1. Count, please, the residues in the stretch 58-82 that happen to be exposed (fewer than 12 other Cβ atoms within 10 Å of the Cβ) and farther than 30 Å from Gln41 by Cα.
2. Against the definition (within 28 Å of Glu3 (Cβ to Cβ), outside any helix (DSSP H, G or I), modelled with pLDDT of 85 or more and not charged (D, E, K, R)), how does Leu94 come out, yes or no?
3. Restricting to the stretch 5-22, and then to whatever is part of a helix (DSSP H, G or I) and exposed (fewer than 14 other Cβ atoms within 10 Å of the Cβ), can you tell me which residue is farthest from the chain's Cα centre (by Cα)?
4. Output the residues belonging to the stretch 114-134 that are among the β-branched types (Val, Ile, Thr), in a helix (DSSP H, G or I) and without any contact (Cβ under 8 Å) to a residue 24 or more places away in the chain.
5. Go through the stretch 97-113 and count every residue that is charged (D, E, K, R) and in a loop (DSSP other than H, G, I, E, B).
6. Quick one: in the stretch 84-97, which of the residues that are surrounded by 12 or more Cβ atoms within 10 Å (Cβ to Cβ) and not charged (D, E, K, R) is farthest from Arg125 (Cα to Cα)?
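The values are calculated or read from the model by the stated rules, or taken from the named source; none is laboratory data. Note that the coordinates shown come from a computational prediction; the quantities given were computed from them, not determined experimentally. Note: ideal-geometry Cβ built from the backbone for every residue, glycine included; neighbour counts use all protein chains shown.
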Amino acid sequence: MQETFFRLLVARQDGALIQDVRAWLFRVARNQWIDSRRERQRYWTDPSADALPSGNYRDGRPNPEQELMRGEQTRRISEEISLLPELQRECLRLRAQGLRYYEIAATLGIAMTAAVDHVRHALARLRRTFRVSR
């Protein structure tokens, strides 16, 4: 956490224009977490490393088929999100960025209950489309 806030301080001293500090901090913290996991994984040895795990290369990356499937899934989700009504799509995007419902409502100039309803309806539609249970 200290490193994350230190990077914020350095970025601001370097003159970086950070629109959403909260989102920036989350992104930096997440990237640091990913980097630390990769670093630990590099030196961690699995006792069963002699045998190739099914579906993965030894380095832990997904195989080409898995990458293709993940890309297709991402494309389908993006396509379905683009079909949502504009207000639902915008509320969902803001919620995914970590904004609270009252912040979404203030940003879009709508009632907080409307923001909650738009996110709820958007998620319900995506669940139905992809048949995901709660």
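1. So the answer is 3.
2. Here the answer is no, as Leu94 does not meet what is asked.
3. In this case the residue turns out to be Gln13.
4. Once the filter is applied, which keeps residues that are among the β-branched types (Val, Ile, Thr), in a helix (DSSP H, G or I) and without any contact (Cβ under 8 Å) to a residue 24 or more places away in the chain, the stretch 114-134 yields only Val116.
5. Final tally of qualifying residues: 1.
6. Gln97
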